[in-house]
Amino acid sequence: MRELVLFNARLVDADTDAPGAVLVRDSRIAGIVTTDRADSTDSIHKGLTGLCGTEFESVDCRGLTLMPAFIDMHTHFRYPGQSEKETLETGLRAAVAGGYGAVVTMPNTKPPVSDPETARRIREEAAAYGLAEVFQTLSITEGQMGETLSPLESLEGIPVVSEDGKDVEDPSLLIGAFRLCARSGALVACHCEDSSLSRAARVYASPALSRLAEDAATVRNLALADAAGAGGPKSRIHICHVSTETSLEAVAQAKARDLSAVSCEVTPHHLALSTDGEDSPRPANQSPRPVNPPLRRASDRSALVRGIASGLVDVIATDHAPHTAADKGAGAPGFPGLETAFAVCNTALVHGGVITLGRLSELMSAAPARLLGLDHERGRLREGFLADLVLLAPGESWTVEGARFFTKGKGSPFEGMTLTGRVRGLWLRGERVFPFSR
Ligand code: DOR
Ligand code: ZN
């Protein structure tokens, strides 16, 4: 039996914010002691004396904050097939350096991940690194070709399916996917983008058409989920990287109809950045910071921030999308996001006075755990839960330098910016995995 005590910390999760200590026994949280009194390290120590044995490792967390490790519902590790952009190892190291204990990896790899055996094998290969846990998604259609459904009948251990990178054009296929996934309870994560409108947006260099490409697809996909669930088990739909005010409004309306079946995520870059201030807003293919969905107007960004504050937005997900410098130079859309997510959100949302650190913990840990069906043992500081714990210095400022990232994707839209909030340590299943020992 191995015991570890993390003491003198500020403990924060979706429903706690108090000074205290956490006792870890082997891979799980064995006890939590909090107090409302600021000068009460004594009472915390007393509280722990009854809980742990005589021999234990202890870590003094004075001045630091301990939270449940983050869970990313939207990551691209490019495995298999694009090791020049990222490998399992570089992606996992980036995740851990960013405070993540689990990541959902998207299937737009080479070849795409379209069968459950491959998804489970990737998950096992990732586990061998002893870093963050990987939940590999399956593409909705075979090979992401949009022609036939992937085998979605047996999804044990696969909590999410997604066509991310593009949308499923054929409505009948998507309805079929919703129906099959309603049986297993898997989440259908939708990249909402009408490809013909996106094409027109590029041809006419029109940000308005680009927004419409997202808005129309969001409305359509939510309606298809409704239609698929009529008269049978409800299909669960999750809208990925919502970036416009209208799209978020569509999510709000769908939630008003059925809160439990609809969820959405927003990325740190869409919460912190917008195109206003540029000479003229440009569509993604002409943007100096290409990403899909593109950075939007300040009014869209404000709507997303309001959605975070009101509780409408369920989770913050990175859409970590690493590319080589050459691909970035050629306009490949996507940013590395794992290593800046906490600092960006802490700076823009918590220091910006929009939400508390506890609400940020809900958005980055508790809510993703709930949506992935992991909330019986992850996402909160709770006795019996896995000891996946991130140690943070929420007041520490640092300047983003992509060259220092662990991911292979160095082209961050936050390059050179000073952010507040730093990951100081990460324990996964009670083992310290960050800072790295090698
Ligand atoms: O910017 C993006 N990059 N958006 C996506 O949907 C896909 C991603 C990627 O895979 O590079
Ligand atoms: Zn996407």
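The values are calculated or read from the model by the stated rules, or taken from the named source; none is laboratory data. The shown structure was predicted, so the numbers you read here are calculated from the model rather than taken from an experiment. Because the Cβ atoms are built from the backbone with ideal geometry, glycine has one as well, and the counts that use them run over all protein chains shown. Side chains are part of the model used for accessible areas, which takes the heavy atoms of the whole protein and leaves out ligands, DNA and RNA. Shrake-Rupley method; radii C 1.70, N 1.55, O 1.52, S 1.80 Å.
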Given R₀ = 25 Å, what would the calculated FRET efficiency be for T35 paired with A393, taking r from the Cβ atoms and rounding to 0.05? 0.70
Please compute the contact order of the chain in relative form: average sequence separation of alpha-carbon pairs under 8 Å and at least six residues apart, divided by the residue count, as a percent. 19
Cβ-based charge dipole, segment 184-282, positive-most Cα from S235, A217, A254: S235
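Please compute the net charge surrounding E431, taking Lys and Arg as +1 and Asp and Glu as -1 over other residues with Cβ under 14 Å from its Cβ.
0
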With +1 on the Cβ of every Lys and Arg and -1 on the Cβ of every Asp and Glu, and nothing else charged, how large is the dipole of the chain about its Cα centre, in debye rounded to the nearest 20? 380
With a 1.4 Å probe and every protein chain left in place, work out the accessible area per residue of the chain in Å², rounded to a whole number. 39
At 0.36 nm per residue, and after removing the present C-alpha to C-alpha distance, how many nm does the segment from E142 to E89 gain when stretched out fully? 16.4 nm
Put +1 on the Cβ of each Lys and Arg and -1 on the Cβ of each Asp and Glu in the chain; which of V113, F405, H270 then has its Cα farthest toward the positive end of the dipole? F405
Lysine pairs within the chain, Cα separation less than 30 Å, 8 or more sequence positions apart or different chains: 17
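Could you please report the charge total around R359, scoring K, R as +1 and D, E as -1 over all other residues with beta-carbon less than 11 angstrom from its beta-carbon?
Net of charged neighbours comes to -4.
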At 7 Å along Cα-to-Cβ for each site, give me the label-to-label distance between T356 and F56 in nm. 2.6
Run the dipole for segment 348-438 about the Cα centre, Lys and Arg Cβ at +1, Asp and Glu Cβ at -1, nothing else charged, and hand back the magnitude in debye, nearest 20. 200
Just the number, please: percent antiparallel of the DSSP beta bridges in the chain, rounded to the nearest 5. 50
With n ≥ 4 as the cut-off for DSSP H runs, can you work out [θ] at 222 nm for the chain, using -39500 (n - 2.57) per run divided by the number of residues, rounded to the nearest 500? -8500 deg cm²/dmol
What figure, in Å² to the nearest 10, do you get for the accessible area of T399 with a 1.4 Å probe and non-protein molecules left out? 70
Kindly point out which whole DSSP H helices in the chain project their C-alpha atoms 15 angstrom or further along the helix axis while averaging a Kyte-Doolittle hydropathy of -0.5 or above. 171-184, 207-229, 245-257, 298-310
Could you please report the charge total around L173, scoring K, R as +1 and D, E as -1 over all other residues with beta-carbon less than 14 angstrom from its beta-carbon? -3
Accessible area of the chain belonging to carbon and sulfur atoms, whole % at 1.4 Å probe: 50
